[in-house]
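Take a look at the structure set out below.
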Amino acid sequence: MHFQHQGKALVLSIYIGEADQWHGNTLYVEIVEFLRKHGCAGATVTRAIAGYGAGGRLHRENILYLSSDAPVMIQVVDHPARIHRLLPQISEMVTSGLITLHEAEVLKYTHAHPHRLARDVQVQHIMEPVVTTVSPNTALTDIIPLLLDAPFRALPVIDEQQHLVGIISSGDLIDAGILPTRRGIINTARTLDEQTAQAVEQSLLPIQQQQLQAKDVMNSMVRTVTPETLIGEAAQIMLTTGLRRLPVVNTEDVLQGIVSRTDLLQVAVTSPLSHPAESVSTTTQVPAPPTAQLAPQQPVSHYMHTNATTVDEQTPLTDVIDALLVSPWKRVIVVDGEYHVQGIISDIDVLARIQDEKRPNVLRALMQWARGETVHFPIGTLHGLEGKPHTATDVMNHDVLTIMETASVQETIEMMMASGRKLLPVVDQERRLAGIVGRSDLLRMLAEGA
Amino acid sequence: MMPTISTFQPGKRLRLFLGESQSWQGHPLYRAILDAVYHYGAVAATVQRGIEGFGPEQHLSTERLGEMAENLPVLIEIIETEEDIDGLLTILDQFVQRGLITMTPVSILVRDNNQSHREHHSD
């Protein structure tokens with residue numbers, strides 16, 4: 001047996017004096033408390049016997065006076081994203097000390113599962129500061145590219161005093177009949193063959209003719225939270241409203257940032273790894289055997305749904321699409337005779353994996369679907385070259401990541417966040433499909449404080 | 001007197017973040033690891049006791065409070081040459097069930113008058 005290469009992490013080293021203070025308390029204690037509160041993977045404080053640092057002050061243990069100002073070093077091995085997020089506040093605390101960063105390979109990491117999630121963290125510590133906003137008079141033609149190309153899914157509209165007056169999401173634009181289909185489909189279609197790319201560009205043309213501005217299409221009834229709102233509360237709001245992101249405004253209604261469902265779930269992730277061995281086809285995460293010292297954690301099976309939509313490999317594509325259209329998950333799972341997971345199919349998979357010449361028809365059907373119309377495929381669209389009907393196998397994505405039903409919610413969130421998946425099929429000991437779990441289900445745990 | 005000629009050899013620095021109360025066959029785990037690493041002939045190893053910390057092995061421990069000082073962090077740092085690191089990792093794998101191990105590349109300064117203690121253990 002040998003260590004697996006688990007991934008890379010960032011190492012943060014903080015060199016300070018043992019007697020250094022922060023708001024009347026010992027600085028290193030305050031830093032450790034801060035790191036713990038913000039869900040860091042771990043921190044180790046060691047004391048040196050002498051030294052000096054950025055402050056130029058010579059530190060030494062002072063036996064005569066029974067007080068010590070020896071140098072102390074805090075080492076934190078964690079996910080680069082979390083370290084970078086916490087760094088501004090840490091560097092504010094370390095007024096006369098030294099902070100270094102370096103990358104390290106992680107050969108082994110075992111989780112310390114928290115007894116409970118840090119639900120009392122305020123959203124201001126996990127939100128994303130907003131960098132892109134538009135004004136009420138920004139033309140719709142300028143807004144569409146921002147929404148389609150940017151990594152964010154919602155665009156805040158602010159007035160000249162920086163007050164939040166509305167928000168524009170691609171979902172609202174689809175409902176208003178402005179965007180023809182969801183963003184993932186549009187962006188995928190653009191990367192496919194020329195005909196399909198042209199078809200999607202054509203569907204966007206009517207937007208050019210409309211003289212609409214941000215204020216005409218924005219949603220002005222925005223549900224907001226304050227920087228002090230606790231994350232458990234924010235999770236609850238998302239669950240009851242179905243919103244995936246909430247603008248954060250101060251008491252003057254000035255926009256401070258946006259907190260997303262992903263930001264909230266990230267709080268539960270304690271793994272320091274930035275590139276875990278993920279997205280290997282049909283890999284199953286086998287949880288480490290529980291040890292007595294681990295906090296009891298609910299298995300993911302408590303939060304999963306058992307109504308996953310399934311088809312088998314030979315199911316004709318027409319039936320697959322029917323199943324896809326009615327599936328609450330907008331995904332169907334392909335299983336074999338023993339219910340073993342073979343693949344997963346989304347609307348994007350159908351579009352991307354079908355033959356080039358059939359894509360414009362599929363695209364049109366997906367746009368009908370987005371508009372809530374009856375979906376209609378021209379005859380022959382779903383048949384292969386020799387007139388044989390396409391089946392689930394032809395369009396399924398083999399690269400499906402599954403999680404064991406005995407895995408904890410914690411492990412499930414970590415897997416979801418590391419792989420970027422929004423949905424994971426849950427399998428039993430024999431690797432048969434047991435259910436399905438989505439991000440909202442896991443958000444429930446944060447809201448309910450399990 | 002002839003100056004000592006120095007060369008650099010590629011190596012790795014391993015850091016093992018463990019807890020003081022972890023044990024292996026009735027002995028403190030860090031001692032068992034230190035013995036094994038010494039017998040393998042790794043270039044260097046040091047063990048430090050932390051004064052406070054949390055992580056895979058403990059929720060929070062600190063020397064400041066008596067009841068929380070039972071499982072202080074233990075940090076083992078091992079330096080080994082590139083060519084011998086794989087064998088060392090195989091050995092460590094038997095000892096470390098829980099904890100964190102990181103590895104960073106380093107250059108090891110080799111003095112030609114310095115005999116590795118590996119030779120003493122080649123029997």
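The values are calculated or read from the model by the stated rules, or taken from the named source; none is laboratory data. Predicted model only: the values in this text are computed from it and were never measured. Cβ coordinates were reconstructed from backbone atoms using ideal geometry, including for glycine residues, and neighbour counts include every protein chain displayed.
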task = Within the range A:181-194, identify whether any single residue is in the same structural domain as residue A:150 (by TED's automatic domain parsing) and more than 27 Å from the chain's Cα centre (by Cα), and answer yes or no.
result = yes
task = Please find, among B:37, B:96, the residue that is more than 7 Å from chain A (Cβ to nearest Cβ) and buried (at least 18 other Cβ atoms within 10 Å of the Cβ).
result = B:37
ask   = Only one of (1) at pLDDT below 85; (2) surrounded by 13 or more Cβ atoms within 10 Å (Cβ to Cβ) fails for residue A:291. Which number is that?
value = (2)
query = Before we move on, is residue B:47 among the β-branched types (Val, Ile, Thr) and closer than 30 Å to residue A:30 by Cα?
reply = yes
task = For residue B:77, state whether it is surrounded by fewer than 21 Cβ atoms within 10 Å (Cβ to Cβ), outside any helix (DSSP H, G or I), out of contact with any Cys (no Cβ under 6 Å at 6 or more places or on another chain) and not hydroxyl-bearing (Ser, Thr, Tyr).
result = yes
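So that you can scan it fast, the table gives a plain yes or no per residue for (1) surrounded by fewer than 18 Cβ atoms within 10 Å (Cβ to Cβ); (2) in contact with a His (Cβ under 7 Å, 6 or more places away or on another chain); (3) among the β-branched types (Val, Ile, Thr):
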residue: A:337; (1), (2), (3): yes, no, no
residue: A:359; (1), (2), (3): no, no, no
residue: A:362; (1), (2), (3): no, no, yes
residue: A:376; (1), (2), (3): yes, no, no
residue: A:390; (1), (2), (3): no, yes, no
residue: A:411; (1), (2), (3): no, no, no
residue: A:419; (1), (2), (3): yes, no, no
residue: A:429; (1), (2), (3): yes, no, no
request  = Sort out which residues of the range B:20-37 are closer than 13 Å to residue B:73 by Cβ, touching a helix residue (DSSP H, G or I) at 6+ places or on another chain (Cβ under 7 Å) and assigned to a helix (DSSP H, G or I), and write them in order of number.
outcome  = B:29
note = A careful count of residues in the range A:212-242 that are closer than 22 Å to residue A:135 by Cα, out of contact with any Leu (no Cβ under 8 Å at 6 or more places or on another chain) and touching a residue at least 12 places away in the same chain (Cβ under 8 Å) gives 5
inquiry  = Looking only at the range A:19-36, count every residue that is among the hydroxyl-bearing types (Ser, Thr, Tyr) and more than 8 Å from chain B (Cβ to nearest Cβ) and tell me the total.
reply    = 1
